[in-house]
Amino acid sequence: MPRASRQSKTETIELKVAAASLGLSHATRKFLKASDFNNLTVKELQLLVALDSNLYRTSRSLAAAIGTTPGTLTVAIERLARKGYLNRTLDPQDRRIVKNELSPSGKNVIHEYKHFQAAYVQAFTEGLDTKELDAVIAGLDRVLAMLE
């Protein structure tokens, strides 16, 4: 049986990446709908996850990370604060700076979401040997490097 061409394999990868993206988005919506956090959107959850990571020091970098504009980010942050997932405090040295921190409810969302993710990864990696796990890690590293 002839080996599949590089183009054929690339097309297969494209289809599988699209399917995985849709599948992860669907699974996340399902998680939110079935949880106590069904008043959150996937985009709002992404924002909470990004805030929890402490990787983003500015609104501009945070907005870029979740694929939105700084103005839209401000509206989303205010909405999450109204829903009780964020606490916003003014910097005592510079009142122009607003610090956004997860509230106890926001931390609970992240805690539950991390459990959901861990179960998802466990199911995905079940039965893979260390060589296969290394291949998955290497593939994900390449995808993440391209997204930066």
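At-a-glance table
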item	result
Single unsatisfied condition, Glu14 versus (1) loosely packed, with under 11 Cβ neighbours inside 10 Å; (2) acidic (Asp, Glu); (3) within 16 Å of the chain's Cα centre (by Cα)	(3)
Residue ID - modelled with the lowest pLDDT, chosen from residues in segment 82-98 that are more than 19 Å from the chain's Cα centre (by Cα) and closer than 19 Å to Asn108 by Cα	Arg88
Residue tally, condition among the acidic types (Asp, Glu) and under 17 Å from Asn87 (Cα atoms), over segment 25-68	2
Residue satisfying all of: in segment 50-61; in contact with a helix residue (DSSP H, G or I) (Cβ under 7 Å, 6 or more places away or on another chain) and not in a loop (DSSP other than H, G, I, E, B); nearest to Pro104 (Cα to Cα) among these	Asp52
Any pair with Cβ under 7 angstrom, 6 or more apart, that starts in segment 100-119 at a residue that is without any contact (Cβ under 8 Å) to a residue 24 or more places away in the chain and ends at one that is crowded, with 16+ Cβ neighbours inside 10 Å and of a type in the set (A, V, I, L, M)	Ser103/Leu86
Filter result for Lys131 (within 30 Å of Asp36 (Cα to Cα) and assigned to a helix (DSSP H, G or I))	no
Condition check for Ser21: hydroxyl-bearing (Ser, Thr, Tyr), out of contact with any helix residue (DSSP H, G or I) (no Cβ under 7 Å at 6 or more places or on another chain) and free of Cβ contacts under 8 Å to residues at least 12 places away in the same chain	yes
Qualifying residue in segment 51-65 (condition: under 22 Å from Leu32 (Cα atoms), modelled with pLDDT of 95 or more and not aliphatic (A, V, I, L, M))	no
Every pair of residues 6+ apart whose Cβ atoms lie under 6 Å, when the first sits in segment 64-93 and is surrounded by fewer than 17 Cβ atoms within 10 Å (Cβ to Cβ) while the second is assigned to a helix (DSSP H, G or I) and not hydrophobic (A, V, I, L, M, F, W, C)	Pro70/Ser59; Pro70/Arg60; Gly84/Ser105
Qualifying residue in segment 39-47 (condition: without any contact (Cβ under 8 Å) to a residue 60 or more places away in the chain, over 20 Å from Phe116 (Cα atoms) and not hydrophobic (A, V, I, L, M, F, W, C))	no
Matching residues in segment 96-110 - criterion: being of a type outside the set (D, E, K, R) and surrounded by 12 or more Cβ atoms within 10 Å (Cβ to Cβ)	Val98, Asn100, Leu102, Ser103, Ser105, Gly106, Asn108, Val109, Ile110
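The values are calculated or read from the model by the stated rules, or taken from the named source; none is laboratory data. On a predicted model such as this, the values are computed, not experimentally measured, just so you know. In this analysis, Cβ positions are derived from the backbone assuming ideal geometry, glycine residues included, and neighbour counts consider all displayed protein chains.
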